[in-house]
Amino acid sequence: MKGRKMFNRIAVLRQERNISRKELAEIIGVNVQTVGYLEREEYNPSLDLSFRISEYFGLPVEFVFSVEPLKPMSEVLQEQQKRRQ
């Protein structure tokens, strides 16, 4: 059975934290090339790796990863703000 394509916000989150791919790779315990594959959505992470990445960024897994294309973070935040009003 072929796996589903996973979408993610790793590159955006990494840039917000101003860390390199190499730094993130060291933090989550993978090779730097793995981070590149993840960011380009050429590789689906294991469940364990998904949790390590999400925990590093302090975000729920479903905010970092999805099986559907992710909306820009600004759009998500605007929607959340509208729901609170």
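Structure notes:
- Residue, nearest to Gly36 (Cα to Cα), within the range 1-17, restricted to residues that are assigned to a loop (DSSP other than H, G, I, E, B) and either of a type in the set (Asp, Glu) or touching a residue at least 40 places away in the same chain (Cβ under 8 Å) (or both): Arg9
- Matching residues, the range 1-17, being within 16 Å of Gly58 (Cβ to Cβ) and either of a type in the set (Lys, Arg) or more than 15 Å from the chain's Cα centre (by Cα) (or both): Arg9, Arg14, Arg17
- Flag if Lys71 is among the basic types (Lys, Arg) and touching a helix residue (DSSP H, G or I) at 6+ places or on another chain (Cβ under 7 Å): no
Okay, residues lined up against (1) over 22 Å from Gly3 (Cα atoms); (2) surrounded by 11 or more Cβ atoms within 10 Å (Cβ to Cβ); (3) charged (D, E, K, R):
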position: Gly29; (1), (2), (3): yes, no, no
position: Thr34; (1), (2), (3): no, yes, no
position: Tyr56; (1), (2), (3): yes, yes, no
position: Val61; (1), (2), (3): no, yes, no
position: Pro69; (1), (2), (3): no, no, no
position: Val76; (1), (2), (3): yes, yes, no
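- Consider the range 41-85 and keep the residues that are modelled with pLDDT of 90 or more and of a type in the set (A, V, I, L, M). The one that is nearest to the chain's Cα centre (by Cα) is Val64.
- Qualifying residue in the range 18-34 (condition: outside any helix (DSSP H, G or I) and basic (Lys, Arg)): no
The values are calculated or read from the model by the stated rules, or taken from the named source; none is laboratory data. Predicted model, so just to flag it, every value in this text is computed and none were measured. Cβ atoms come from the backbone with ideal geometry, glycine included; neighbour counts cover every protein chain shown.
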